[in-house]
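J.: Can you read through this structure? Questions will come right after.
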Amino acid sequence: MRTPRPTRRLLLGAPLLLAAFPAAAQMDTGRAAAFIQATGEELVRVINSPAAPEQRRAQVVAILRRSVDVEGTGRFILGRWWRQATPAEQAEYLRLFEEVLIRNLASRFGEYQGVTFALGRSQLRTEDDALVTTVVQRPGSAAFNLDWRVAEVNGQPRIVDLVAEGASLRLTQRSEYSAVVQRGGNQVAALLAAMRQQIAQLR
Amino acid sequence: MRLPALLLAAILSLSLSACATRPPATDREAVEEFEANNDPIEPFNRAMFAVNGAIDTVALRPAAVAYRAVVPPPLRTGIRNALGNLRAPTILLNDILQAQPERAARTAVRFVINSTLGIGGLVDVAEWQFGIPGHAEDFGQTLAVWGVGEGPYLFIPVFGPSNPRDLVGTAVDAVASPWFWFGQGEVVEALRWARFGLTILDSREAVLDTLDDINRTSLDPYSTLRAGYRQRRASEIGNRNDRTPQSAIGSGFGVGPGDFRPGNPPPR
């Protein structure tokens, strides 16, 4: 097993690495890796930028809307409760879901100052998405594995999941949200209330 | 009745009444989720999770915060490396039991280099100078590789997320370690306690930010930890990651190889 060292050297060497990826039929791994490289660099730039917090937040929102399949991921996470929700609940859920995503990301900017990342091996996982592996390094803590699941949505590559140290964010969050719905008497409304409260706290 | 007896009675009655109900077979998705959670005694586990939360709030977390505040980063890294080095024989044994000669060789070479040039394991010279990164293994993973099922999810106060297979693994690792057998006398006894105490501090400090994060952002930290544990164990068993988490991170205390690289500053 190769162990890439997450250094700037490797970041510079990334185009070479990209060229070495074999082309695949469905979600092309090379394309997925290039997409993650570009999106990751954009995010790192925003995180490390000296701009005011509101400005950086706006930039992150723009990157997120462009690169993440927010609706598809949100629906996946609500899982079996999606069909039980009323159209109004579904709409509010998706709005809250995006808001939570943005706030959680924005609240981590401080701890991710000086972050760098390097592409690891890239592999095709299923028929319609690719898993792009990266090693993320931030000053003052140990490097960790972060894998990006990239699917093709309307002809464009979009991030549908993040896998940190083997744990999928969307699977973990689906478990979390389902627990909240069930403990709230199998009501999606209970989850929406909890999400609203969370957003108020993260403000 | 004395207090321990009372406690035991409380735990027993809780665990007997604490079975999560399996959804009807007609609700396929609910059954799927029930099986994915693998948590038939969830009410009992949630009670233990609450107990853990109380202990953590008053003792473990403050101790870890103090440890981070008081002990300078280079020393903390050294301690983590030394603890990781002490685990090397255990990791080696499990590498062998999993029929992984290449990983076993790396573990053995690392142990020799770090125990000598690395001043008793304080400095991870093997990775720093020789480019041989460490990895973690434990007998729970070995059992999994041998095809043993994990059993129902368990949450154990202080110890954290686990299951019968990983608990057995922890016990076997403890007994199979050479440090369990070698030496006697007061000094050795004192060293054992020091290692035990430092392992708890180091493990809790390593997950300080992660757990704070989960408690801050999760709407139900219990299920977040449960989902995270099962997935991470699966990935550890499959040796799927480039990087191994250096310290405990959820697989019980002290399974990591330690961590030091230049250009990778010590933990905050």
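The values are calculated or read from the model by the stated rules, or taken from the named source; none is laboratory data. What you see is a predicted model, and the numbers here were worked out from it, not measured in a lab. A quick note on method: Cβ atoms are made from the backbone with ideal geometry, for glycine too, and the neighbour counts reach across all protein chains shown. Remember, those area values only see protein heavy atoms, side chains included, never the ligands or the DNA or RNA. Shrake-Rupley method; radii C 1.70, N 1.55, O 1.52, S 1.80 Å.
J.: Shielding of B:26-38 by partners, i.e. mean partner chain Cβ atoms within 10 Å per residue?
T.: Partner-chain Cβ atoms within 10 Å, mean over residues of B:26-38: 2.
J.: If you roll a 1.4 Å probe over segment A:120-203 with all protein chains in place, what percent of the accessible area is carbon or sulfur?
T.: Taking all protein chains in place, segment A:120-203 shows 47 percent carbon and sulfur surface.
J.: Work out the mean other chain Cβ neighbour count within 10 Å for the residues of A:194-200 and drop it here as an integer.
T.: What the average comes to for A:194-200 is 1.
J.: Leaving ligands, DNA and RNA out of it, rank A:I36, B:I96 by accessible area with a 1.4 Å probe, largest first.
T.: Values: A:I36 0, B:I96 100 Å².
Per-residue accessible area, sorted high to low, gives B:I96, A:I36.
J.: Where a ≥ b ≥ c are the square roots of the eigenvalues of the C-alpha gyration tensor, would you call segment B:39-139 rounded, which needs a/c under 1.5, or, failing that, prolate if a/b is larger than b/c, or oblate?
T.: Details: a/c = 3.98, a/b = 1.43, b/c = 2.78.
It comes out oblate by the Cα gyration axes.
J.: Which whole-angstrom value gives the distance between the alpha carbon centres of segment A:133-203 and segment B:85-145?
T.: 33 Å
J.: Using only atoms on other chains, find how many Cβ atoms lie within 10 Å of each Cβ of peptide A:178-187 and report the average.
T.: 4
J.: State whether segment A:123-194 is rounded, prolate or oblate according to the following rule on the C-alpha gyration tensor (a ≥ b ≥ c being the square roots of its eigenvalues): a/c under 1.5 gives rounded; otherwise a/b larger than b/c gives prolate, and the remaining case gives oblate.
T.: Taking the square roots of the gyration eigenvalues as a ≥ b ≥ c, segment A:123-194 is oblate.
J.: Determine the dipole magnitude for segment B:158-219: charges of +1 sit on the beta-carbon of Lys and Arg, -1 on that of Asp and Glu, nothing else is charged, the reference point is the Cα centre, and the result goes in debye to the nearest 20.
T.: 160 debye
J.: Starting from the Kirkwood radius over alpha-carbon pairs of segment A:5-202, derive D by Stokes-Einstein at 4 °C in a medium of 1.567 mPa s and give it in µm² s⁻¹.
T.: Taking Rh from Cα pairs, D becomes 72 µm²/s.
J.: OK, next. On a full-extension model of 0.36 nm per residue, what is the gain between B:I55 and B:R22, subtracting their alpha-carbon distance, rounded to one decimal in nm? Intermediate results must be reported in sequence, preceding the final value.
T.: On the way: separation 33, 0.36 × 33 = 11.88 nm, distance 3.08 nm.
Between B:I55 and B:R22, full extension yields an extra 8.8 nm.
J.: Under 20 °C and 1.002 mPa s, how fast does segment B:2-237 diffuse according to Stokes-Einstein, given a Kirkwood radius computed over C-alpha pairs? Answer in µm²/s, whole number.
T.: Once the numbers are plugged in, D ends up at 107 µm²/s.
J.: Mind grabbing the interface size between B and A? I mean buried accessible area, both sides, 1.4 Å probe, in Å² to the nearest hundred.
T.: Chain pair B/A: roughly 3300 Å² of buried accessible area.
J.: What shape does segment B:62-196 take by its C-alpha gyration tensor, where a ≥ b ≥ c are the square roots of the eigenvalues and a/c under 1.5 counts as rounded, a/b above b/c as prolate, and the rest as oblate?
T.: Working: a/c = 1.57, a/b = 1.16, b/c = 1.35.
It comes out oblate by the Cα gyration axes.
J.: Report the accessible area of A:F117, computed with a 1.4 Å probe over the heavy atoms of all protein chains in place, in Å² rounded to the nearest 10.
T.: A:F117 exposes around 10 Å² with every protein chain in place.
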